[in-house]
1. State whether one or more residues within the range 147-168 are closer than 22 Å to Glu90 by Cβ, surrounded by fewer than 21 Cβ atoms within 10 Å (Cβ to Cβ), over 19 Å from the mean Cα position of the chain (by Cα) and not aliphatic (A, V, I, L, M).
2. Tell me, which residue of the range 50-78 that is more than 10 Å from the chain's Cα centre (by Cα) and among the hydrophobic types (A, V, I, L, M, F, W, C) is surrounded by the most Cβ atoms within 10 Å (Cβ to Cβ)?
3. Any idea which of (1) within 19 Å of Arg60 (Cβ to Cβ); (2) in a strand (DSSP E or B); (3) not β-branched (Val, Ile, Thr) is the one Ala149 doesn't satisfy?
4. Please work out which one of (1) surrounded by fewer than 18 Cβ atoms within 10 Å (Cβ to Cβ); (2) within 22 Å of the chain's Cα centre (by Cα); (3) in a loop (DSSP other than H, G, I, E, B); (4) at pLDDT below 85 is the condition Ser84 fails and give its number.
5. If you go through the range 190-197 one residue at a time, do you hit one that is modelled with pLDDT of 95 or more, small (Gly, Ala, Ser), part of a strand (DSSP E or B) and closer than 16 Å to Pro120 by Cβ?
6. For Thr106, are the conditions met, namely being under 20 Å from Ser195 (Cβ atoms) and of a type in the set (Ser, Thr, Tyr)?
7. Confirm whether Ser74 is modelled with pLDDT of 80 or more and at negative phi.
8. Scan the range 164-189 for residues that are outside any strand (DSSP E or B) and farther than 23 Å from Gly129 by Cβ and jot them down.
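The values are calculated or read from the model by the stated rules, or taken from the named source; none is laboratory data. Just so we're clear, the structure is a prediction, and the values are computed from it rather than from any experiment. Every residue, glycine among them, receives a Cβ derived from its backbone with ideal geometry; neighbour counts consider all protein chains shown.
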Amino acid sequence: MDSLRTRAALAVGLLAGACAFAQGGSTPSSPPSGPNYELRRSSWLPGGYAGLSLGRPSYRLDCGIGGCDQPNLSGHAYVGGMFSPYFGAEIGLLSMGEVERAGGETRAEGVNFSLMGRAPVGAGFGVFGRVGTTWGRTRIDAAPGAGIATGRASGWGPAYGLGVDWAFSNNWSAVLDWQRHRFDYAGDDNGWVRSTSIGLKYRF
């Protein structure tokens, strides 16, 4: 849990720095009226954004002897850019927390690369989807005789998600997000981790 808090604090710092850099590097202009998603050509990354979400993960794995206790917190820090008002791409860092499992702990984290699609639905609200891949790494510790493989593993897996956002100002949005990522585990096993999260997104 301490490592997750450290990653969350680092992600907040990176997000704040990116927002400050974007504001400092943009050309002064009069703000548009009302929340909007117009591409901001004056910024260093046209259509760019950065965000941070915290959520509740759920591992889909065999619990072995001793059962499972799902983690309480996951984290997702990301940056992206919109090629148009409807399509873009995104890269993000994931930490899916640690599940207490089979007398030990299982954890998963990774880097996600996704294509994004977004459609406005009015009054600053929009729906979005992502599809891509996650390079993940995992670690499994368990009690002797728990009936599951232990060790470390890494590899690529599919990922996808859906969400809703609400632009409550010209730059800031609140985000409700649901994601699934497949990770490789020791013992030639693989499994999905899903997460439902809420967060903030800043548009440059």
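1. There is at least one residue in the range 147-168 that is closer than 22 Å to Glu90 by Cβ, surrounded by fewer than 21 Cβ atoms within 10 Å (Cβ to Cβ), over 19 Å from the mean Cα position of the chain (by Cα) and not aliphatic (A, V, I, L, M).
2. Let us first name the residues in the range 50-78 that are more than 10 Å from the chain's Cα centre (by Cα), namely 50, 56-73.
Then keep just the ones that are among the hydrophobic types (A, V, I, L, M, F, W, C); that gives 50, 61, 63, 65, 68, 73.
Working: Ala50: 25, Leu61: 22, Cys63: 17, Ile65: 12, Cys68: 16, Leu73: 18.
Per the criteria, the residue is Ala50.
3. (2)
4. All conditions are met except number (4).
5. no
6. On the way: under 20 Å from Ser195 (Cβ atoms): yes; of a type in the set (Ser, Thr, Tyr): yes.
Yes, satisfied.
7. Details: modelled with pLDDT of 80 or more: yes; at negative phi: yes.
Considered against the rule, which asks whether it is modelled with pLDDT of 80 or more and at negative phi, Ser74 comes out as yes.
8. Initial filter on the range 164-189 (outside any strand (DSSP E or B)): 168-171, 186-188.
Selection gives Ser169, Asn170, Ala186, Gly187, Asp188.
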